[in-house]
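Below is one structure, written out as structure tokens; comments come after it.
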Amino acid sequence: MDQKELTALKNTATELRIRVIDMIWKAQSGHPGGSLSVADFVTACYFRYMNLRPEEPRWPDRDRFVLSKGHVCPAQYAALAMKGFFPLEVLDTLRKEGSPLQGHPSMTKCPGIDISTGSLGQGLACGVGMALAGKLDHKDYRVFCAVGDGECNEGEIWEACGTAYKYKLDNLIVFVDWNNLQLDGTCEEIMPPISLAKKFEAFGFEVYECDGNDMAQLVEVMDKALASKNGLPKCIVGKTVKGKGVSYMENVCSWHGTAPNDAQYKQAMEELNALYIKEEA
Amino acid sequence: METKKIATRDGFGEAIVELGKENKDILVVDIDIGKSCKTGAFRKELPEQYLNVGIAEQNGAGVAAGLATCGKIPFVVTYAAFGSMRICEMIRQEICYPHLNVKIACSHGGVTPANDGASHQAIEDMGIMRTLPNMTVIMPADYYAAKALVKAAAAFDGPVYLRFTRDAIPVIYDENETFEIGKAKTLREGGDVAIIANGDTVRLAIEAAKVLADKGIQARVLDMHTIKPLDQEAVTACIDEIGRIVTVEDHNILNGLGSAVCEVAAELGKGKVKRLGIQDQFGQSAPYERLLAMNGVTVENIVAQAEALIG
């Protein structure tokens, strides 16, 4: 990827972050911390890798995206709106009565959502089912799945890994959003993860590690993972920062599920807008 | 003449092969108890449509949901205790909430896994499944009903919970009998009392009606194979035309068929209902018929309760 493309992708991630904070501020409800940590992965998926038809959300040959950590759906909603699955104004209805943008993603309400999630630990198994269907039907689509580090406390994650390995799902790419903060505290404090990379490797995945908030690194490992057709499911353990891009939210546990007030919103917008990289003349 | 007895799990095992041959999107998702749940023939004859996710029920439900989003019609196959309770929340979140076309097909319903003891006897499952929005809940009364209702479930677009017996139970239907989801079968007409049963207890209701007839009491017998959506019309007719109902089920008397019938009666503000079923207690390792008897689920008790209602 050349520098120009990388810059464009970084700026798209910045726009996505701005939209995330804007919608959570307007809703006065939602999960900014994890939405910001996963934002670069979501951006890379939607704006570099996924084959989609926004005008035909259920196109059978599309790539799938499973947000197993469903509470960070503002990031996915922003991506879907920016891709044209629905008008940008719809983002203003997050968590409001009658909105397609439920507090946790609903596939029957929101165009572009491939599976309803929100109860942690369950999305990966669904992604495995989608990848398996692709193999059964000899289709080329890929399944991108974002899981949380805390979410890996759930046993079903590891059950799903077994199935991914057994059925040689190299069309499945799992991103672990390793921001090291769960709702009640740090991962070490709540449930020591030991090594998520080693765990996924032991479960038969081809594992990559990178800075999950560094777009250049992320693209480099995703390019490699997607090119590798060796029958092994892929896992990227991305070291991320919860609240990335908004100084007062970064690495602060309490921003897991809190909306910014007006003053905080203003500061966040100033900081995020400053992240835009101006194009070379 | 000896009545033919076949477990309804065998009806499932045969029907699923027929369905799979007709439609390559019909899949079996086994959870390492396929042999007990009678998917052996499917596994052998349709290996491309057969998946086994190991002893991992939660994952099985999720994988099925993902498959269903891609147009597949997966049957998650396990025991009723696990298929309803261990994966209850996965069914709720990933199958019922998004209204996906997944069937949960469970053997070992009720106390039919008798010798296995309480851990394997499922007395709560249909009640639990009944409370999930978008879920349809079915228990066929015999082998032929099982075959027909499995096919009806496959043709129905949406989540279905199917419950079969481990043990052999008498065949009561003809092989050409037709069934409609949500529509009770009237097996006998009568105006003195109604006996509404489902699953393996329908045979007891039929026998009880014969005993009652010998005493000059005419019982209407309904096979309520679908407890959700309940055939409100059939229950209402029993209340309006007869007013006295005995419900019989191989399930806790809480929240199953009996409760569903009581809900209709209570909202109508009329009708007397006596519920027979498992008396809100865990079972034990014992012969199947003994377990039913310990809970008063016998021909004799159905007769006695019907007579008591008539007064």
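The values are calculated or read from the model by the stated rules, or taken from the named source; none is laboratory data. No experiment lies behind these values; they were computed from the predicted model shown. A quick note on method: Cβ atoms are made from the backbone with ideal geometry, for glycine too, and the neighbour counts reach across all protein chains shown.
Quick check on region A:3-20. Is at least one of its residues on the phi < 0 side of the Ramachandran plot, in a loop (DSSP other than H, G, I, E, B) and not hydroxyl-bearing (Ser, Thr, Tyr)?
The answer is no, given that none of the residues of region A:3-20 is on the phi < 0 side of the Ramachandran plot, in a loop (DSSP other than H, G, I, E, B) and not hydroxyl-bearing (Ser, Thr, Tyr).
Quick one: which of A:Ala274, A:Ala259, A:Ala225 is more than 18 Å from A:Ala146 (Cβ to Cβ), among the small types (Gly, Ala, Ser) and touching a residue at least 12 places away in the same chain (Cβ under 8 Å)?
Working: A:Ala274 fails: touching a residue at least 12 places away in the same chain (Cβ under 8 Å); A:Ala225 fails: more than 18 Å from A:Ala146 (Cβ to Cβ).
Selected residue: A:Ala259, the only one of A:Ala274, A:Ala259, A:Ala225 that is more than 18 Å from A:Ala146 (Cβ to Cβ), among the small types (Gly, Ala, Ser) and touching a residue at least 12 places away in the same chain (Cβ under 8 Å).
Among the residues that make up region A:178-200, is at least one of them surrounded by 18 or more Cβ atoms within 10 Å (Cβ to Cβ), within 14 Å of chain B (Cβ to nearest Cβ) and either assigned to a helix (DSSP H, G or I) or of a type outside the set (Ser, Thr, Tyr) (or both)?
No, region A:178-200 contains no residue that is surrounded by 18 or more Cβ atoms within 10 Å (Cβ to Cβ), within 14 Å of chain B (Cβ to nearest Cβ) and either assigned to a helix (DSSP H, G or I) or of a type outside the set (Ser, Thr, Tyr) (or both).
Is it the case that region B:269-284 has a residue that's of a type outside the set (S, T, N, Q) and free of Cβ contacts under 8 Å to residues at least 12 places away in the same chain?
Yes.
Being touching a Ser or Thr at 6+ places or on another chain (Cβ under 9 Å), outside any loop (DSSP other than H, G, I, E, B) and touching a residue at least 60 places away in the same chain (Cβ under 8 Å) is true for just one of A:Gly33, A:Gly103. Which residue is that?
On the way: A:Gly103 fails: outside any loop (DSSP other than H, G, I, E, B).
After applying the criteria, what remains is A:Gly33.
Only residues that are touching a Cys at 6+ places or on another chain (Cβ under 8 Å) and of a type in the set (Phe, Trp, Tyr): list them for region A:121-157, please.
Matches in region A:121-157: A:Phe144 only.
Being in the same structural domain as B:Ser84 (by TED's automatic domain parsing), surrounded by fewer than 20 Cβ atoms within 10 Å (Cβ to Cβ) and touching a strand residue (DSSP E or B) at 6+ places or on another chain (Cβ under 7 Å) narrows it down to one residue among B:Gly158, B:Gly190; which is it?
B:Gly158
Condition (residue is outside any loop (DSSP other than H, G, I, E, B), within 8 Å of chain B (Cβ to nearest Cβ) and over 24 Å from B:Tyr50 (Cβ atoms)) applied to region A:132-155: is it met by at least one residue?
Within region A:132-155, one or more residues are outside any loop (DSSP other than H, G, I, E, B), within 8 Å of chain B (Cβ to nearest Cβ) and over 24 Å from B:Tyr50 (Cβ atoms).
If a residue has to be surrounded by fewer than 22 Cβ atoms within 10 Å (Cβ to Cβ), touching a residue at least 40 places away in the same chain (Cβ under 8 Å) and assigned to a helix (DSSP H, G or I) to count, how many in region B:21-39 make the cut?
2
Assuming A:Gly121 fulfils every condition listed in (1) away from every other protein chain (no Cβ under 11 Å); (2) in a loop (DSSP other than H, G, I, E, B); (3) within 27 Å of A:Thr163 (Cβ to Cβ) apart from one, which condition is it?
(1)
Taking the condition of being more than 14 Å from B:Phe282 (Cβ to Cβ), outside any helix (DSSP H, G or I) and of a type outside the set (Gly, Ala, Ser), how many residues in region B:91-133 meet it?
14
Of the residues that make up region B:92-111, is at least one over 19 Å from B:Lys228 (Cα atoms) and among the basic types (Lys, Arg)?
no
When you scan region B:66-100, how many residues do you find that are among the β-branched types (Val, Ile, Thr) and at the interface with chain A (Cβ under 7 Å from one of its Cβ atoms)?
1
Looking at B:Glu18, B:Glu14, B:Glu48 in this structure, which one is within 14 Å of another protein chain (Cβ to nearest Cβ) and assigned to a helix (DSSP H, G or I)? Steps first, answer last, please.
Details: B:Glu18 fails: within 14 Å of another protein chain (Cβ to nearest Cβ); B:Glu14 fails: within 14 Å of another protein chain (Cβ to nearest Cβ).
Answer to the selection: B:Glu48.
Any chance region B:91-106 includes a residue that's surrounded by fewer than 24 Cβ atoms within 10 Å (Cβ to Cβ), touching a residue at least 24 places away in the same chain (Cβ under 8 Å) and of a type in the set (A, V, I, L, M)?
no
Within region A:242-265, work out how many residues are under 24 Å from A:Gln3 (Cα atoms) and either β-branched (Val, Ile, Thr) or in contact with a Lys or Arg (Cβ under 6 Å, 6 or more places away or on another chain) (or both).
1
Looking at (1) touching a residue at least 24 places away in the same chain (Cβ under 8 Å); (2) surrounded by fewer than 24 Cβ atoms within 10 Å (Cβ to Cβ), find the lone condition where B:Asn176 falls short.
Exception for B:Asn176: condition (1).
Just to be sure before I move on: is B:Phe42 part of a helix (DSSP H, G or I), away from chain A (no Cβ under 14 Å) and touching a residue at least 60 places away in the same chain (Cβ under 8 Å) in the structure I sent?
In short, no.
Sort through A:Met107, A:Met130 and tell me the only one that's under 23 Å from A:Arg17 (Cα atoms) and in contact with an Asp or Glu (Cβ under 8 Å, 6 or more places away or on another chain).
A:Met107
For the structure I just gave you, tell me whether B:Ala286 is of a type outside the set (D, E, K, R), surrounded by fewer than 18 Cβ atoms within 10 Å (Cβ to Cβ) and not in a strand (DSSP E or B).
yes
Among A:Ala202, A:Ala274, A:Ala227, which is the only one that is small (Gly, Ala, Ser) and within 22 Å of A:Ile157 (Cβ to Cβ)?
On inspection, the qualifying residue turns out to be A:Ala202.
For A:Leu218, indicate whether it is assigned to a helix (DSSP H, G or I) and touching a helix residue (DSSP H, G or I) at 6+ places or on another chain (Cβ under 7 Å).
Taking the combined requirement at face value, the residue satisfies it.
Anything in region A:228-247 that is surrounded by fewer than 22 Cβ atoms within 10 Å (Cβ to Cβ) and either without any contact (Cβ under 8 Å) to a residue 60 or more places away in the chain or more than 30 Å from A:Gln264 (Cβ to Cβ) (or both)? List them, or say none.
Those that are surrounded by fewer than 22 Cβ atoms within 10 Å (Cβ to Cβ) and either without any contact (Cβ under 8 Å) to a residue 60 or more places away in the chain or more than 30 Å from A:Gln264 (Cβ to Cβ) (or both): A:Ser228, A:Lys229, A:Asn230, A:Gly231, A:Leu232, A:Ser247.
So which residues in region B:59-79 are hydrophobic (A, V, I, L, M, F, W, C) and either over 24 Å from the mean Cα position of the chain (by Cα) or more than 14 Å from A:Met107 (Cα to Cα) (or both)?
B:Ala61, B:Val63, B:Ala64, B:Leu67, B:Cys70, B:Ile73, B:Phe75, B:Val76, B:Val77
From B:Val193, B:Val202, B:Val211, grab the single residue that is β-branched (Val, Ile, Thr) and within 21 Å of the chain's Cα centre (by Cα).
The conditions single out B:Val202.
Here is a yes/no grid of residues against (1) of a type in the set (Phe, Trp, Tyr); (2) closer than 21 Å to B:Gln58 by Cα; (3) crowded, with 16+ Cβ neighbours inside 10 Å:
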residue	(1), (2), (3)
A:Lys135	no, no, no
A:Tyr141	yes, no, yes
A:Phe144	yes, yes, yes
A:Gly150	no, yes, yes
A:Val176	no, yes, yes
A:Glu206	no, no, yes
A:Gly212	no, no, yes
A:Asp223	no, no, no
